[in-house]
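Okay, structure first, notes after.
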Amino acid sequence: MNSRLAITAGTALLVGAGALGYLAYDALRVEAPPPLAAATATTEPQAPPDRNPSVTAPTPAPTSVGAGTTGRDRVTVADPAPALPTRLEIPAIDVDTVLERLGLLTDGSLATPEDTDLAGWFEGGPRPGAIGPSVIAGHVSWNGDPSVFFRLTELVPGDLITVEQADGREVTFEVTRIEQHPKDAFPTVEVYSNTDDPELRLITCGGDFDSSTGHFDDNIVVFARLADA
């Protein structure tokens with residue numbers, strides 16, 4: 001038994017349908033923030049705002065410290081204008097992925113990464129390192145094969161998540177909790193509502209696989225906060 005398993009019921013297992021011959025795939029569907037739900041997605045990437053426009057509190061000046069032997073700087077306080085996120089690293093579960101940029105579908109839900117082996121950042125929200133909740137989504141499996149967030153439920157509080165930015169800097173988050181919710185009861189407000197500090201949410205599918213629809217029943221949400229220096 002893996003001691004790192006956080007949510008037994010949400011473990012991302014490949015599920016078949018026996019003689020029916022179905023293969024599990026991850027029809028990842030995530031609700032968008034209420035103000036954006038009526039928006040229409042476009043095929044052209046749109047530049048996201050530099051920071052959460054609804055935050056009125058003053059933003060601390062950016063500060064960084066050395067990041068060990070990597071030679072890259074690590075963001076340790078809120079950055080008012082972080083560069084675009086380009087890569088996600090989660091050492092505890094061997095995730096190292098380039099980040100796509102995700103918009104919205106016409107039904108108001110979050111688009112999914114085109115490459116099922118990559119995760120994607122929701123460009124309608126804050127960039128990682130800015131004040132507010134940054135959202136990164138990824139598939140759990142596709143056509144019977146594990147995808148980028150296949151092991152997401154193995155994360156435990158205290159695990160570190162690093163986002164590399166286009167300017168070479170890094171921002172590191174610490175996992176605070178992992179939750180599992182039915183897709184028809186997705187915690188939209190909790191995931192997208194404003195926060196006083198930079199935070200991160202990782203989202204994938206989990207729970208039971210419904211072979212009649214080809215969908216998993218639930219969403220897994222990892223909550224993380226900016227790590228201490």
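The values are calculated or read from the model by the stated rules, or taken from the named source; none is laboratory data. Being a predicted model, the structure only gives us computed values, none of them experimental. All Cβ positions, glycine included, derive from the backbone under ideal geometry; neighbour counts span all protein chains shown.
For region 111-118, state whether one or more residues are in contact with a Ser or Thr (Cβ under 6 Å, 6 or more places away or on another chain), farther than 19 Å from V191 by Cα, touching a residue at least 24 places away in the same chain (Cβ under 8 Å) and buried (at least 16 other Cβ atoms within 10 Å of the Cβ).
Checking region 111-118: at least one residue is in contact with a Ser or Thr (Cβ under 6 Å, 6 or more places away or on another chain), farther than 19 Å from V191 by Cα, touching a residue at least 24 places away in the same chain (Cβ under 8 Å) and buried (at least 16 other Cβ atoms within 10 Å of the Cβ).
Counting only residues that are in contact with a Lys or Arg (Cβ under 8 Å, 6 or more places away or on another chain) and in a strand (DSSP E or B), which one in region 183-204 is nearest to E89 (Cα to Cα)?
For region 183-204, the residue satisfying everything is L200.
Among the candidates V95, V75, which residue alone is modelled with pLDDT under 95, within 21 Å of R225 (Cβ to Cβ) and in contact with an Asp or Glu (Cβ under 9 Å, 6 or more places away or on another chain)?
Selected residue: V75, the only one of V95, V75 that is modelled with pLDDT under 95, within 21 Å of R225 (Cβ to Cβ) and in contact with an Asp or Glu (Cβ under 9 Å, 6 or more places away or on another chain).
Just to be sure before I move on: is D208 farther than 15 Å from R87 by Cβ and modelled with pLDDT under 95 in the structure I sent?
Criteria met by D208.
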